[in-house]
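Following: one structure in structure tokens, then a few remarks.
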Amino acid sequence: MKFSRFLFSTLSGLVISQLAWANTYIENRLNKPVPGGVAVVNLDAYSQGGVLPTVRYQGNRVLVVKSDQNILAIVGIPLKTSAGAQTLVVSSQGKESQVSFNVGSKKYKEQHIKLSSNKHVNPSAEDEARFKRELNEQLAAYKNFREVKPSNIVLDRPVDGGHYSSPFGLRRFFNGQERNPHSGLDIAVPQGTPVKAAADGIVTIVADYFFNGKTVFVDHGQGMVTMYCHLSAIDVKKGQAVKRGELLGKVGSTGRSTGPHLHWNVSLNNVRVDPAIFVGAFQP
Ligand SMILES: [Zn+2]
């Protein structure tokens, strides 16, 4: 377990309560402070009168919850972050404070993929323009911050069965050319497998994208957003409210995909993080 330097310097007299906090379910499951991971930061000192503080990290609002009487910031850490101290800006009762937490290191694997369809390796200028439009739409959906508490921070696995075929953060080379690292978790399941919402939310995107194929975005509140793609069918509409476990669509292989699987993204504070963390499958 890792405590921030701040907690050591200011709350060293509260060792017993800090240990109790360290054993909470959310902290055990989600606190994986590595690049592409999640930091769970205790902010009990910043919530006088039961009012939750407002937290920013690198300019983006951060998810803050109350769990087992503790106030916790659930912070997404960008994949390109170097090991060392990171800083949250915490606003409470008109006062601004800086709270630091530590990020460790993690090595991500490489994968070389041969694609026969050159269309998705070197897109035409027209496809490139389409992709940029689609990317901007997705970035806006990730940035959205609704003042609604997510129904569950520990997310449900969106499909039953299957295996993890490609991990988050994998460095990928398509026909020898390095592309962006893998932004989500791939779960290999048969074509047509039901895809379910990982938590309550609002459907913010329903689209058929160049790379992601048939895609659904669900906004769970406070900057927690999930994306489901390469679907064969979509069963929801944009703007629709969905419940945890509700059917979103079916697994397929649309877009840039080599076979039926679900590509699942999880985003916190506009940062894509390892979805495996949320379903207890994190590999250090
Ligand atoms: Zn994928």
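For the range 70-95, what are the residues that are out of contact with any helix residue (DSSP H, G or I) (no Cβ under 8 Å at 6 or more places or on another chain) and assigned to a strand (DSSP E or B)?
Answer for the range 70-95, where residues must be out of contact with any helix residue (DSSP H, G or I) (no Cβ under 8 Å at 6 or more places or on another chain) and assigned to a strand (DSSP E or B): 73, 75, 76, 84, 86, 87, 88, 89, 91, 95.
Can you confirm whether residue 207 is more than 15 Å from the ligand (Cβ to nearest atom), within 16 Å of the chain's Cα centre (by Cα) and of a type in the set (Gly, Ala, Ser)?
Answer is no for this residue.
For a quick check of your reading of the model, give me the residue pairs whose first member lies in the range 249-272 and is on the phi < 0 side of the Ramachandran plot and within 11 Å of the ligand (Cβ to nearest atom), whose second is open to solvent by 10 Å² or more (accessible area, probe 1.4 Å) and of a type in the set (Phe, Trp, Tyr), with beta-carbon atoms closer than 6 Å and at least 6 apart or on different chains.
Final answer for the pair search is 256/211.
Let's see how each residue does on (1) in a loop (DSSP other than H, G, I, E, B); (2) within 13 Å of the ligand (Cβ to nearest atom):
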site: 156; (1), (2): yes, no
site: 173; (1), (2): no, no
site: 183; (1), (2): yes, yes
site: 192; (1), (2): yes, no
site: 198; (1), (2): yes, no
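For residue 169, all conditions in the list (1) among the small types (Gly, Ala, Ser); (2) surrounded by fewer than 19 Cβ atoms within 10 Å (Cβ to Cβ); (3) within 16 Å of the ligand (Cβ to nearest atom) hold save one; what is the number of the exception?
Unmet for residue 169, out of (1) among the small types (Gly, Ala, Ser); (2) surrounded by fewer than 19 Cβ atoms within 10 Å (Cβ to Cβ); (3) within 16 Å of the ligand (Cβ to nearest atom): (2).
If you scan the range 142-161, which residues turn out to be surrounded by 14 or more Cβ atoms within 10 Å (Cβ to Cβ) and either among the basic types (Lys, Arg) or without any contact (Cβ under 8 Å) to a residue 40 or more places away in the chain (or both)?
Within the range 142-161, 143, 146, 149, 157 meet the criteria.
Are any of the residues in the range 211-218 away from the ligand (no atom under 16 Å from the Cβ), without any contact (Cβ under 8 Å) to a residue 60 or more places away in the chain and either within 30 Å of residue 80 (Cβ to Cβ) or not aliphatic (A, V, I, L, M) (or both)?
yes
Consider the range 27-62. How many of its residues are part of a strand (DSSP E or B) and open to solvent by 20 Å² or more (accessible area, probe 1.4 Å)? Even if it seems obvious, please write down each step before you answer.
Let us first name the residues in the range 27-62 that are part of a strand (DSSP E or B), namely 32, 38-42, 54-57, 60-61.
With the extra rule that they be open to solvent by 20 Å² or more (accessible area, probe 1.4 Å), the set shrinks to 32, 54, 56, 60-61.
Of the residues in the range 27-62, 5 are part of a strand (DSSP E or B) and open to solvent by 20 Å² or more (accessible area, probe 1.4 Å).
With the condition kept exactly as written, say whether any residue in the range 231-245 is open to solvent by 20 Å² or more (accessible area, probe 1.4 Å), touching an Asp or Glu at 6+ places or on another chain (Cβ under 8 Å) and either of a type in the set (Val, Ile, Thr) or in a strand (DSSP E or B) (or both). Before the answer, list the steps.
Of the residues in the range 231-245, the ones open to solvent by 20 Å² or more (accessible area, probe 1.4 Å) are 232-235, 237-241, 243-245.
Pick out the ones that are also touching an Asp or Glu at 6+ places or on another chain (Cβ under 8 Å) and you get 241, 243-245.
The next check asks that each one be either of a type in the set (Val, Ile, Thr) or in a strand (DSSP E or B) (or both); those that pass are 241.
Yes, the range 231-245 contains a residue that is open to solvent by 20 Å² or more (accessible area, probe 1.4 Å), touching an Asp or Glu at 6+ places or on another chain (Cβ under 8 Å) and either of a type in the set (Val, Ile, Thr) or in a strand (DSSP E or B) (or both).
Quick one: in the range 246-278, which of the residues that are part of a strand (DSSP E or B) and of a type in the set (Gly, Ala, Ser) is farthest from residue 145 (Cα to Cα)?
For the range 246-278, the residue satisfying everything is 252.
Being among the β-branched types (Val, Ile, Thr), open to solvent by 10 Å² or more (accessible area, probe 1.4 Å) and touching a residue at least 24 places away in the same chain (Cβ under 8 Å): is that true of residue 226 here?
On the way: among the β-branched types (Val, Ile, Thr): yes; open to solvent by 10 Å² or more (accessible area, probe 1.4 Å): no; touching a residue at least 24 places away in the same chain (Cβ under 8 Å): yes.
So residue 226 does not fit the description; no.
Kindly indicate whether residue 65 is open to solvent by less than 20 Å² (accessible area, probe 1.4 Å), in contact with a Leu (Cβ under 6 Å, 6 or more places away or on another chain) and not assigned by the TED database to the domain that holds residue 259. Before you say what the answer is, go through the steps one by one.
Values: open to solvent by less than 20 Å² (accessible area, probe 1.4 Å): yes; in contact with a Leu (Cβ under 6 Å, 6 or more places away or on another chain): yes; not assigned by the TED database to the domain that holds residue 259: yes.
It is true that residue 65 is open to solvent by less than 20 Å² (accessible area, probe 1.4 Å), in contact with a Leu (Cβ under 6 Å, 6 or more places away or on another chain) and not assigned by the TED database to the domain that holds residue 259.
The values are calculated or read from the model by the stated rules, or taken from the named source; none is laboratory data. None of the values given here were measured: they were computed from a predicted structure. When we count neighbours, we look across all protein chains shown, and the Cβ atoms used for this are built from the backbone with ideal geometry, even at glycine. Keep in mind that these areas ignore ligands, DNA and RNA; they rest on the heavy atoms of the full protein, side chains included. Shrake-Rupley method; radii C 1.70, N 1.55, O 1.52, S 1.80 Å.
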